[in-house]
Amino acid sequence: MPIKIRQVGPCFAGEVEDFDMAKPLSAEDAAAIHAGMDEYAVLTFRDQKVTDEQQLAFTLGLGEIEPPSKASLRAEDDFRLPPTFADVSNLDKHNQPMARDDRRRLFAIGNRLWHSDSSFKKIPAKYSLLHALKVPSKGGNTEFADMRAAYDALDDETKAEVEGLVCEHSQIYSRQQCGFFDLTDEERERFAPVRQTLVRTHPVTGRKSLYLASHAGGIAGWPDPEARLFLRDLIEHATQPQFVYAHNWRVGDLVMWDNRQTMHRARAFPVDQPRDMRRTTLAGEAPTAEQVA
Ligand code: OGA
Ligand code: MN
């Protein structure tokens, strides 16, 4: 039976109906999911009772996984999940919620700022697949913004201004915005900025989108304060309600988003409640901009 998708967001985001991710993914379904992602940019799947292994197998059925990297402050002996997963939970390796002032938590809650996954890597991510195993009693939504619709809604003058601009992205910049400066020299080195183009063109649909994230802390050739304020204005524009879908999580949901065409952010929830979220990530194909030494 062909896959059925029902639009759930204002201008994007669809729910895939009657789908069982625990079953092997057929080539036909994989193609339909890619086509759905090209169109909707975010797809949700309800009631997926899948193990980590099954989530990984489903992810691999759609493409190549992003190589593991040290993008968080967790040390390897502190991992709760296999290295092919991003641990997006608030839990330590004993499955206990981290203390409010835990440095790992304070770094991780930087994803409450609008961002696109791995924009701080030279080759940024394609899709992210986030599976909910435990959700808090209130709060903890994830919001998504359609960066194609945001681009389309720019006036011609701003479209001309953003064309060809290159931004510098680093987790150092996003954490500065929430008052987190407590990084070691090793971490600063590891989080060194990379360059990303500000306007992306989708390889299949040809649609243009704004490639923004709170990780963007500069624009090549611009004075920093002017760049930061311009980027802030663009993010404000791109995250108006008419471009945003808010996902209210249920246990068993898996949400997949295209980082090339969307931004997202986590919303706050009670600090003492476990929120167990496990992410697999598909690798992007190439850098979006030339890097400089
Ligand atoms: C992520 C992320 C948001 C959330 O998984 O990359 O930013 O709501 N998640 O947990
Ligand atoms: Mn994220």
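Using r as the Cβ-Cβ distance of Lys93 and Arg190, and R0 as 22 Å, what FRET efficiency do you calculate, to the nearest 0.05? E(calc), rounded to 0.05, equals 0.55. Each Lys and Arg Cβ is given +1 and each Asp and Glu Cβ -1; about its Cα centre, segment 4-292 then shows a dipole of about 620 debye.
Relative to the current alpha-carbon distance between Glu39 and Arg267, full extension at 0.36 nm per residue lengthens the span by 79.5 nm. Scanning the chain for GluC sites (Glu not before Pro) lying in DSSP loops with no more than 14 further Cβ atoms inside 10 Å, the longest uninterrupted stretch between such sites is 164-284. Evaluating 6.51 cos²θ - 1.76 cosθ + 1.60 at θ = phi - 60° for every residue in segment 4-13, the Karplus couplings come out as 10, 10, 10, 5, 10, x, x, 10, 6, 6 Hz, glycine and proline recorded as x. The alpha-carbon atoms of segment 145-293 define a convex hull whose volume equals 161 cubic angstrom per residue.
Phi-derived couplings, Karplus 6.51 cos²θ - 1.76 cosθ + 1.60 at θ = phi - 60°, listed residue by residue for segment 131-145: 10, 9, 9, 9, 10, x, 6, 8, x, x, 5, 10, 10, 10, 10 Hz, with x used for Gly and Pro.
Computed on segment 1-94, with alpha-carbon pairs under 8 angstrom and 6+ residues apart, the relative contact order is 23 percent. For trypsin sites (Lys or Arg not before Pro), the sites in segment 115-192 that DSSP calls loop and that have at most 15 other Cβ atoms within 10 Å are Lys122, Lys138.
Return a single number: how many Lys pairs in segment 4-292, at a sequence separation of 8 or more or on separate chains, have alpha-carbon atoms below 21 angstrom apart. Qualifying lysine pairs in segment 4-292: 13. Find, among the trypsin sites (Lys or Arg not before Pro) in segment 47-77, those assigned to loop by DSSP (not H, G, I, E, B) with at most 13 other beta-carbon atoms within 10 angstrom. For trypsin sites (Lys or Arg not before Pro) across segment 47-77 that sit outside H, G, I, E and B with at most 13 neighbouring Cβ atoms in 10 Å, the list reads Lys49, Lys70.
Each 5 Å bin from 0 upward holds the following percent of the Cα-Cα pairs of the chain: 1, 5, 12, 17, 19, 18, 14, 9, 4, 1, 0. If I take R0 = 41 Å and measure r between the Cβ atoms of Arg250 and Gln176 in this structure, what FRET efficiency does the formula 1/(1 + (r/R0)^6) give, to the nearest 0.05? Rounded to the nearest 0.05, the efficiency is 0.75.
Every number here is computed from the coordinates shown, using simple stated rules; none is lab data. Worth saying up front: this structure is predicted, and the values here are computed from it rather than measured. Don't worry about glycine lacking a Cβ; one is built from the backbone with ideal geometry, like all the others, and counts go over all protein chains shown.
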